[in-house]
Every structure is written in structure tokens, then in C-alpha cells.
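Below is one structure; the comments refer to it alone.
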Amino acid sequence: MNKIIVSIAFALILILAINKITDSIYYVKKPEKSVYQVDGLTTIAKTSSTETNSGNEESKSIMALFASTSSSDGAKIFKKCAACHSIAQGGDNKIGPALWGVIGRKAGSVSDYKYSKAMTAHGKLWSFEEMNSFLIKPKEWVKGTKMSFAGLKNAKERASVILYMNENSDNPLPLN
């Protein structure tokens, strides 16, 4: 009986020792930059109050930007969103909810999608201004959302994506 217990203990010690030795031999240093890079995506470590204020001004002037962009530009930019969202009529939910008819719809209202508590509680209508503010930096606009997208910093890109999302609806909102 003693030989069995000693053998088991020796085997466990041997396994732990081999694990430690292989960890030290095959140590891999963590890279400084992420290996997976998304084209056209920039991250900013800190935002100053002036940048935040300009973001609020941009959200108010979104209607003016609609004249300088098109939904076809938005279709190209929406490819960044297509990994997580479907915009086709009758499209299925992916990592994120389906976005057909999202402009004018209440936030967190797709019945067969499990939203974060924060998004369900947000509950506002997705107007042009609301969507614009959200797309600047989703995690700051709806604190606690599970959407991990860094946001669209360029106001013209946001405007074109919003036009594209508005166009993909049974009842697009008027642009006046």
C-alpha cells in the first residue's frame, strides 16, 4: 500500500516538475502590439475634455453631414460591422443583433437576441443623433454594453454608415 501511495506522489511531483521545466524552456514573450489588426481602426489611450466636447458637437451636426456622403459609402464602411452584425432583411443575429430596421427602433428590442443589461436598460430609440453618439465610442455611450467595437472616430464615416442602416429598413426615417 505504501508503494502505491509513494508511486502516485512521485508521479504527481514528476508531472509538476516537467511542467515547470517546459514552461521555462518554451517561454514566449508577449508581443507589444496585437497580432490581429483591423484596417482603419485606431485606438486612443486618453481623451481630453476638448475632444469629448467636439464629439458632442459632431453628434449634433450629423444631419448636415448626410448631404456630403452616401449610403453606398456606408455599405463599404459597414464591412467593419459585418463580422458581428447582419443587415439583411430577415438576417440572423450573429455576435451582435441583426440591424435590419435599427434606425427608429428601440435599443435592446430584438426579441431573439440576448442583450447586456446595460443595453436593455438604455432603451432609447435609435435616432440619427443617438446612433451617431453611440458609434463614436459604444462602451462610453452605453456603459456596460458587451459591444467591444472601438468606434468610428470620423464623423463622415459615421454619417454614411447611419445612412446605410436607415436605408436598410422597411420604414426608413426621413432625412429632414
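General observations
- Selected residue (criterion: surrounded by the fewest Cβ atoms within 10 Å (Cβ to Cβ)) from residues of the range 131-162 that are assigned to a helix (DSSP H, G or I) and among the β-branched types (Val, Ile, Thr): ILE136
- Residue in the range 81-96 that is free of Cβ contacts under 8 Å to residues at least 40 places away in the same chain, in contact with a Cys (Cβ under 9 Å, 6 or more places away or on another chain) and within 19 Å of LYS143 (Cα to Cα) present: yes
- Whichever residue in the range 51-77 is β-branched (Val, Ile, Thr) and modelled with pLDDT of 50 or more and, among such residues, is nearest to the chain's Cα centre (by Cα): ILE77
- Qualifying residues in the range 138-156 (those that are charged (D, E, K, R) and in contact (Cβ under 8 Å) with a residue 40 or more places away in the chain) - the one nearest to SER68 (Cα to Cα): LYS156
- Residue among ASN168, ASN176 that is surrounded by 18 or more Cβ atoms within 10 Å (Cβ to Cβ), over 18 Å from the mean Cα position of the chain (by Cα) and within 22 Å of ALA67 (Cβ to Cβ): ASN168
- Any hit, the range 106-125, residues being surrounded by 15 or more Cβ atoms within 10 Å (Cβ to Cβ) and within 21 Å of SER61 (Cα to Cα): no
- Within this structure, GLU130 fails the test of being under 21 Å from SER61 (Cβ atoms), within 13 Å of the chain's Cα centre (by Cα) and of a type in the set (Asp, Glu).
- Going through (1) assigned to a loop (DSSP other than H, G, I, E, B); (2) modelled with pLDDT under 85 one by one, HIS85 falls short only on (2).
- Screening the candidates SER48, SER111 for the property of being at pLDDT below 65, polar (S, T, N, Q) and more than 15 Å from ILE162 (Cβ to Cβ) yields one hit, SER48.
The values are calculated or read from the model by the stated rules, or taken from the named source; none is laboratory data. Note that the structure is a prediction, hence the values are computed from the model and not measured. Cβ sites come from the backbone with ideal geometry, for glycine too, and all protein chains shown count toward neighbours.
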